[in-house]
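The values are calculated or read from the model by the stated rules, or taken from the named source; none is laboratory data. Note that the structure is predicted; figures quoted are calculated from it, not measured. Because the Cβ atoms are built from the backbone with ideal geometry, glycine has one as well, and the counts that use them run over all protein chains shown. Surface areas here come from the heavy atoms of the whole protein model, side chains and all, with no ligands, DNA or RNA. Shrake-Rupley method; radii C 1.70, N 1.55, O 1.52, S 1.80 Å.
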Amino acid sequence: MSEINIRRADKNDAEMLTALSYETFDDAFREHPKNSPADMKIYMEKAFNIEVVSAELSEENSIFLIAESENEAVGYAKITLGTFEEDIKAKRPLELNRLYAKTDFIGKGVGQQLMDECFKIAADKKCDAVWLGVWEYNPRAIRFYEKQGFRKVGSHVFLLGTDPQIDLLMQKNL
């Protein structure tokens, strides 16, 4: 496998990020029996359209990281500074909103490199914790986050289309 490079996204990446977000979310959750095609479609069309992604790219406290291999985007992360949930205990948290890789790149270090860069940014921004929400039916992701030092601290509802689902809240203190 060729080298993975991580870079920050900018407004010129909106179209690529929209397509990558849609593809990786669909690949990650489409096959789970709990997720109906209708709910997946509703959520993805709302969350991963060019207008939404462009707006997210221009938000002052949001940062997108792109993982590239041979000049192809193969994964991404989105982090947000200063967001809170009730169960998150931190003064200066950084939220990991999304961390996805294309199917062919899962297990090949893309997630780790993106996570490492998120931790570097958190340190540079003097954050005292990184937190995230992960679907309760995503054991592979939960194990990955636990290996990074995250611990379960609560839960919240994530609305997939019309289906209220449970995300576990996980936090790593820095």
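Using only Cα positions of the stretch 75-153, each an equal point scatterer, no hydration layer, compute I(q)/I(0) via Debye at q = 0.26 Å⁻¹ and quote the log10 values to two decimals.
-1.44
Output wanted: per-residue J couplings in Hz (rounded whole) for the stretch 37-47, from phi through Karplus 6.51 cos²θ - 1.76 cosθ + 1.60, θ = phi - 60°, x for Gly and Pro.
In residue order, the calculated couplings are x, 5, 5, 4, 4, 4, 5, 5, 5, 7, 7 Hz.
Please identify the chymotrypsin sites (Phe, Trp or Tyr not before Pro) of the stretch 34-109 that satisfy two criteria: DSSP loop assignment and at most 16 other Cβ atoms within 10 Å. Which are they? Working shown, then result.
Details: sites: Tyr43, Phe48, Phe64, Tyr76, Phe84, Tyr100, Phe105; in loops: Phe48, Phe84.
For chymotrypsin sites (Phe, Trp or Tyr not before Pro) across the stretch 34-109 that sit outside H, G, I, E and B with at most 16 neighbouring Cβ atoms in 10 Å, the list reads Phe84.
Under a 1.4 Å probe, what is the accessible area of the stretch 1-145 per residue, stated in Å²?
On the way: 7710 Å² over 145 residues.
For the stretch 1-145, the solvent-accessible area averages 53 Å² per residue.
Only loop residues by DSSP count here, and only those with at most 13 other Cβ atoms within 10 Å; note down the trypsin sites (Lys or Arg not before Pro) in the stretch 105-149 that meet that. Let's see the in-between values first.
Working: sites: Lys108, Lys120, Lys125, Lys126, Arg140, Arg143, Lys147; in loops: Lys108, Lys125, Lys126.
For trypsin sites (Lys or Arg not before Pro) across the stretch 105-149 that sit outside H, G, I, E and B with at most 13 neighbouring Cβ atoms in 10 Å, the list reads Lys126.
When the Cα centres of the stretch 130-174 and the stretch 44-93 are compared, how far apart do they sit, in Å?
16 Å
From largest to smallest, what semi-axes in whole angstrom does the stretch 1-136 give when each is the square root of 5 times an eigenvalue of its alpha carbon gyration tensor?
Working: eigenvalues 100, 74, 49 Å².
For the stretch 1-136, the ellipsoid semi-axes come out as 22, 19, 16 Å.
Carbon-plus-sulfur fraction of the accessible area of the stretch 119-174, 1.4 Å probe, in percent? Mind dumping the intermediate values first?
Numbers: 1550 of 2960 Å².
Carbon and sulfur atoms account for 52 percent of the accessible area of the stretch 119-174.
Between Val74 and residues 5 or more places away or on another chain, which pairs have amide H atoms under 5 Å apart, with H built 1.01 Å from N, and which residues are they?
Hits under the 5 Å cutoff: Ala67, Glu68, Ser69.
Under 24 Å Cα to Cα from Lys147, which lysines show up? Leave out anything in the same chain fewer than 8 places away.
Lys78, Lys89, Lys91, Lys102, Lys108, Lys120, Lys125, Lys126, Lys172
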